[in-house]
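The next block holds one structure in the form of structure tokens; read it before the comments.
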Amino acid sequence: MQKMKYESPNALFGNGPSPTHPIIKDRLKSINTFFCVDGGADKLITMGYTPDVILGDLDSISKKKMICNSTVVYLEDQSKNDLEKSISWCLNQGVDELELFGFSNGRDDHHLANLFIMKDYSNKLKMKMYTDRSLIFCINEHSTFSSKANQIISIFTFNKKTIITTTGLKYALKNSPLTSPSQGISNLATGSSFSVTPSDWTFIIINYM
């Protein structure tokens, strides 16, 4: 398939339950290109948007909906799930930023796999995942995030040796690791932004207020 130029912001829309949180509904209004994973196309259409590209093995999409004005790309590799195949395809098309929707609900094993996929591809393109409760980033360098005072922020590392420095959080870290998996849970933003500087891959979860 010939590479196309896709206008950002780009969304990859999954086949999970349709988002309901006002923050997500408002963000979808700003998306210029919708890539849909399989049956995610049906969910997007019911929310009033038209998929630009439909990706996956196409086993859960309504056949009648496939006639909409969308490019349909069949991705056959059964060793990878639809999210991983779709991110890889987007990379091959030159997409360098993706906002993920509809990948967090349903089976816990699927959600965990999707988070690990997000981590594995975050060194190749910028991603953030919207859920109905939070916004998730996976970073390995100094990053600054918008926030509100007293917004709950959680930090998770993959490696106990990961060194973290933060600013703008009530419980600050300065060139130190998390001493336990739960230490990074339920920190609080002190103002309109905060920053995290990790020495290795780290999840940042910003809970909606």
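Here are a few things to note about the model shown:
- Count of lysine pairs in the stretch 82-209 with Cα separation under 18 Å (8 or more residues apart, or interchain): 10
- Sites Asn159 and Tyr208 - FRET efficiency at Förster radius 35 Å, r taken between beta-carbons, to 0.05: 0.80
- For the options Asp82, Asp108, Asp96, a Gaussian network treatment of the chain with springs between C-alpha atoms closer than 10 Å singles out Asp108 as fluctuating the most.
- Spatially, the stretch 2-25 and the stretch 166-209 are offset by 27 Å when compared through their Cα centroids.
- Of the chymotrypsin sites (Phe, Trp or Tyr not before Pro) found in the stretch 120-209, those that fall in a DSSP loop while having at most 15 other beta-carbon atoms within 10 Å are Phe158, Tyr171.
- Loop-resident sites, the stretch 1-43, for trypsin sites (Lys or Arg not before Pro), counting at most 10 other Cβ within 10 Å (DSSP): Lys3, Lys5, Lys29
- In the chain, the longest principal axis of the Cα atoms and the axis of helix 82-92 are about 90 degrees apart.
- Sequence-distant aspartates and glutamates (8 or more away, or on other chains) whose Cα lies within less than 17 Å of Lys25: Asp42, Glu99, Asp132
- Backbone N under 15 Å from the Leu125 label point (7 Å along Cα→Cβ), restricted to the stretch 37-59: 37-38, 52-56
- Distances between placed amide hydrogens fall under 5 Å for Ser70 paired with no residue 5 or more residues away or on another chain.
- At full extension, Arg133 and Tyr6 could sit 42.9 nm farther apart than now, given 0.36 nm per residue minus the alpha carbon distance.
- Cβ-placed point charges (K, R +1; D, E -1), dipole of the stretch 1-53 about Cα centre in debye, nearest 20: 140
- Tilt relative to the chain, helix 108-121 - C-alpha long axis, 0 to 90 degrees, to 10: 80
- Classification of the stretch 79-152 by its C-alpha gyration tensor yields an oblate form. The axis ratio a/c (a ≥ b ≥ c) is 1.5 or more, and b/c is at least a/b.
- Dipole-positive endmost among Ser193, Pro19, Tyr130 within the chain (Cβ charges, Cα centre): Ser193
- In this simple spin-label model, placing a label point 7 Å from the Cα along the Cα-to-Cβ direction at both Leu112 and Asn150 gives a separation of 3.5 nm.
- Heavy-atom surface of the stretch 109-209, accessible at 1.4 Å and reported per residue (Å²): 53
- Within the same chain, aspartates and glutamates fewer than 8 places from Lys80 are excluded, and of the rest, those with a Cα less than 15 Å from its Cα are Asp38, Asp57, Asp59, Asp109, Asp120.
The values are calculated or read from the model by the stated rules, or taken from the named source; none is laboratory data. None of these values were measured; they are calculated from a predicted model. Every residue, glycine as well, gets a Cβ built from its backbone with ideal geometry; the counts of neighbours run over all protein chains shown. With ligands, DNA and RNA removed, areas are computed over all heavy atoms of the protein, side chains included. Shrake-Rupley method; radii C 1.70, N 1.55, O 1.52, S 1.80 Å.
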